[in-house]
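The values are calculated or read from the model by the stated rules, or taken from the named source; none is laboratory data. Computed from a prediction, not measured in an experiment: that's the story for all the values here. Here the Cβ positions follow ideal geometry from the backbone for every residue, glycine too, while neighbour counts run over all protein chains shown. Accessible surface areas use protein heavy atoms only, side chains included; no ligands, DNA or RNA. Shrake-Rupley method; radii C 1.70, N 1.55, O 1.52, S 1.80 Å.
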Amino acid sequence: GGLPLIDEVANPEDKYARSTQEATWAAIEGYLQSAIDGLPLRSGGVDPDGLATKGSAQALLGKAYVYQGKYAEAIAILEQVAQNPEYSLEPNYGDIFWPGTQHGRESLFEMNFTATDGGAIWDQYNNGCAVFTLCGIRTGEVGMGDATFLWGWGMNQPTPKLAKAFDDMGDKIRKNNSIISCDSVLQVSPTTNFQNSLTGYWDIKHVRRRGFFTSSTQVNANIILLRLADVYLLLAESYAKTGDETNALEYLNRVRERAGLADASGGSDLLTQIKKERQLELCLEGDRYFDLVRWGDAETELTGEEYDAGGLNYSNGKPGVSTNGLFPIPQDEMDRNPQCVQN
């Protein structure tokens, strides 16, 4: 929804009303265009410092355009990223998330973390990436061999619906590098005792691996926020929306080829094929919910037994239909700012 737009502060105690969503998008576009104008191009194929580059800002601006349905504008800016020789798809899908492949050829922007000890293990200044501990398999020790999975807290559990989507597509490469079932773990480690296995599956895009991380909290794995496959699929969607099936298939099939899948055929269900590709390619990376909302598919997709059991049905939840897909603003923020209007 709309944000308070604060470009200059005269008094730190001032309270600001929320701007419209349209004004917020316009401000975002302006900030990103300024970034594009001022940031350097990536050079040398790998950016070990993880600094934002012109390509980072171009990709994010293109994504902002797609979210608003500005497909022609999205094509113009995203093509600059797609044509930049500094970026290319990782040949091996699993390497994108491998701890030794940070700031790889496909990465446009990622958040850096360090394993340097920041103090006490639960210190608020802890430097490690807690996400990889939170999302790991909730067990004792998994014991699956060198450089494989260490225990975690079992959050971000994939649904059976996602597993079925991989199977229906015949997509073994991405499935095996994205999710793992309890049954698969037990084949290797038959004495594993799972806790809180709500779905029977676990996220292995975000998991600590033995041989890389020795502490549960000091994890120097980065979180990728933007990568080239996302750009390719945004281009495919934008071309499909503007009636250019040839270019839509070009970018869609680049992503499918890496996954070992046959080329898509296009036709009347081209957009459906692109949506499915985004579900499988970007699963567990934080895009799915927002894709479903912007497509108008959330009420249809976020339903069924696996959602109802957890109280997550889109029709009844917040966020959900009652908030137009927007998250509720925390009450303490509402209390601080009398000018703030709840979603």
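The table below gives the values:
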read-out	value
Added length on full extension, which subtracts the Cα-Cα distance from 0.36 nm per residue, K276 to N337	17.9 nm
Surface share of carbon and sulfur [accessible, 1.4 angstrom probe, percent] for the range 28-84	60
Whole-Hz couplings from phi, Karplus 6.51/-1.76/1.60, listed for the range 192-202; x for Gly and Pro	4, 10, 6, 10, 6, 7, 7, 10, x, 9, 9
Distant-in-sequence amide H partners of L108 (H built 1.01 Å from N, under 5 Å)	L226, R227, L228
Cβ crowding within 10 Å averaged over residues, with 73-83, 333-343 ranked highest first	73-83, 333-343
Net charge, L134 excluded, C-beta distance under 12 Å - Lys, Arg +1, Asp, Glu -1	+1
Restraint check, K175/K318; K54/K175; K161/K318; K205/K276; K63/K172, Cα-Cα greater than 25 Å	K175/K318; K54/K175; K63/K172
Accessible area per residue in Å² at 1.4 Å probe, computed on the chain	50
Highest-first arrangement of 93-99, 25-31, where packing means the average Cβ count within 10 Å	93-99, 25-31
Cα-derived Rg to Rh of the chain, Kirkwood definition	0.96
GNM flexibility winner over the chain from E110, E90, E22 (Cα, springs under 10 Å)	E22
Fluctuation leader among D183, D14, D263 - the chain, Gaussian network, Cα springs under 10 angstrom	D14
Of G104, G154, G317, the one that fluctuates the most in a GNM where the chain has Cα springs shorter than 10 Å	G317
Projected-area mean, the range 197-343, by convex hull of Cα positions, square nanometres	13.1
DSSP H segments from the chain that extend 18 Å or more along their own axis, Cα-based, with Kyte-Doolittle mean of -1.0 or above	21-38, 54-67, 228-241
The range 245-302: C-alpha pair distances exceeding 15 Å, %	51
